[in-house]
Amino acid sequence: MRKPSFLLLFCIILLTIPYIGFSQDKTNQDRNQLNFFFDCEDCDLTFVRQKLPFVSFVRDPKLADIHVLVSDSPMGSGGRKYFMHFIGIGSQAEQNFELEFLSNPSDTEDDLRKGLLKIFKVGMLSVMAQAGSLDNLKLDIQEVNGTKADEMTNDPWKKWVFQIESGGEFQKEESQNEYSLRTEIRGDKITNAWKTRMEASYELNRENYYDDGERFTNKQNEQQIKADFIKSLSSHLSLGLFGEYSANTYMNISNSFSFDGAVEYNFFDWDESNRRVFSLSWAAGLRTFDYKEETIYSKMNEKLPFEAARIKLELVQPWGTVETSLEGRHFFNDFSKYRITLDSEFAIRLTKQLSVYSEIESEIIHDQLYLPKGDSSVEDLLLKRRKLATTYEISGEMGIRFTFGSAFNNVVNERF
């Protein structure tokens, strides 16, 4: 009788491990304690477990009594507002509430993780109080005045926040060198009634290549000035006015101005935007172009009215996240000149151990009115001096994540 090969035995053991882990998890789930599933992509869970070694964190949401879901949204100050949702499961299904944490633009990673830990502690105490599990905890709480920040401070900037960013990079070797410089100035004022943003940027790129004493140079400049004014009309409806100036040597654009108005309707309440958004928007306006070189349509300048429509979906749920938008735009003078853009990101948990993720950016392009007349030289192609004709652009990433093993290991060991 032939003995089973080592490879066959190894495969049998490997396939058996997940089931062993599953049985172990089921046994541990019977323990008389609350289990928390901490669902936050950018949070430092190791830090939380170190500070709360008596709390049981599980790796599988199906084994949890409380699903802690963290999401965030940008604020007008430049910081972020974090929302921590405590979602009860099974016997704790009646527990469902949300806490908030506000970060500052200057906050370090340590400031952020301490702030998130603080609101988790508050939510955890509420959960344990409802479940009758506070007897073994020692509490030390300090109270501060609960007045809103807007009522406590005299803001001389009237909610305006400004940011100036400037920097550069370089790279050099024997046969080539390149450098780039970028400067950006931005001002934001965000209130419940209005969202105002103004920004200006300038970018310079230079590349030099040397071959047998001959130098090939690629020069690229890009500048942009934008102003956005968005009015909140109701909990679902918004209006916007947008203006933009741009110049881009790569796109053969010497000067371009754009003015448009837009309306947007969100089927969900905007107060829920940290968890879900499903919106439709429509915009119409005018765009003017001055070209550096004569285009393939024998134009040096033109004025083009346009319209655009977009549908957008964002979901942050216990089963995963989805962010996707589909936008179409065209010029009124020629409906054959249009562009369709699809942006999509999602991460979905399929089973206890398996999840899938994907990022896709794709465009159908039929509006390259700026393309310069004439053939591109070899140097233009290699150095990417100017945009080439294309009918589509696509990029993406996708994959799966498979995890198995103990779902109840709360031990933290950071040695080495």
Exercise. Just for strands (runs of 3 or more DSSP E) wholly inside segment 54-104: which have at least 2 residues that are touching a residue at least 40 places away in the same chain (Cβ under 8 Å)?
Worked result: 66-74, 80-88
For this session: Return the only residue of S246, S238, S232 being of a type in the set (S, T, Y), touching a residue at least 40 places away in the same chain (Cβ under 8 Å) and either surrounded by 13 or more Cβ atoms within 10 Å (Cβ to Cβ) or under 27 Å from E323 (Cα atoms) (or both).
Result: S232
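Listed here are the residues, each with its yes/no results for (1) within 22 Å of N192 (Cα to Cα); (2) under 23 Å from the mean Cα position of the chain (by Cα).
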site: K219; (1), (2): no, no
site: H236; (1), (2): yes, yes
site: L241; (1), (2): yes, no
site: S254; (1), (2): no, no
site: F259; (1), (2): no, no
For this session: Output the number of the condition that I296 fails; it satisfies all remaining conditions of (1) under 24 Å from Y265 (Cα atoms); (2) modelled with pLDDT of 85 or more.
Result: (1)
Exercise. Looking at segment 324-347, which of the residues that are over 22 Å from L313 (Cβ atoms) and without any contact (Cβ under 8 Å) to a residue 24 or more places away in the chain is surrounded by the fewest Cβ atoms within 10 Å (Cβ to Cβ)?
Worked result: F335
Seminar exercise, completed: Residue pairs qualifying under the 6 Å Cβ cut-off, at least six apart or on distinct chains, with the first in segment 383-406 being more than 30 Å from F216 (Cβ to Cβ) and surrounded by 11 or more Cβ atoms within 10 Å (Cβ to Cβ) and the second being polar (S, T, N, Q) and at pLDDT 80 or above, are R401/S355
Exercise. From S273, S256, which residue is closer than 30 Å to S232 by Cβ, surrounded by 17 or more Cβ atoms within 10 Å (Cβ to Cβ) and touching a Ser or Thr at 6+ places or on another chain (Cβ under 8 Å)?
Worked result: S256
Exercise. Which one is surrounded by the most Cβ atoms within 10 Å (Cβ to Cβ), of the residues in segment 138-167 that are over 30 Å from S180 (Cβ atoms) and at pLDDT 75 or above?
Worked result: K159
Exercise. Which number in (1) more than 30 Å from H85 (Cα to Cα); (2) touching a residue at least 40 places away in the same chain (Cβ under 8 Å); (3) not β-branched (V, I, T) marks the one condition that R276 misses?
Worked result: (1)
Exercise. Quick one: in segment 348-364, which of the residues that are in a loop (DSSP other than H, G, I, E, B) and surrounded by 15 or more Cβ atoms within 10 Å (Cβ to Cβ) is modelled with the highest pLDDT?
Worked result: Q353
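Quick check: is even one residue across segment 181-188 part of a strand (DSSP E or B), of a type in the set (G, A, S) and either more than 29 Å from E307 (Cα to Cα) or touching a Lys or Arg at 6+ places or on another chain (Cβ under 9 Å) (or both)?
Taking every residue of segment 181-188 in turn, at least one turns out to be part of a strand (DSSP E or B), of a type in the set (G, A, S) and either more than 29 Å from E307 (Cα to Cα) or touching a Lys or Arg at 6+ places or on another chain (Cβ under 9 Å) (or both).
The values are calculated or read from the model by the stated rules, or taken from the named source; none is laboratory data. Because the structure is a prediction, the values reported are computed rather than measured. Because the Cβ atoms are built from the backbone with ideal geometry, glycine has one as well, and the counts that use them run over all protein chains shown.
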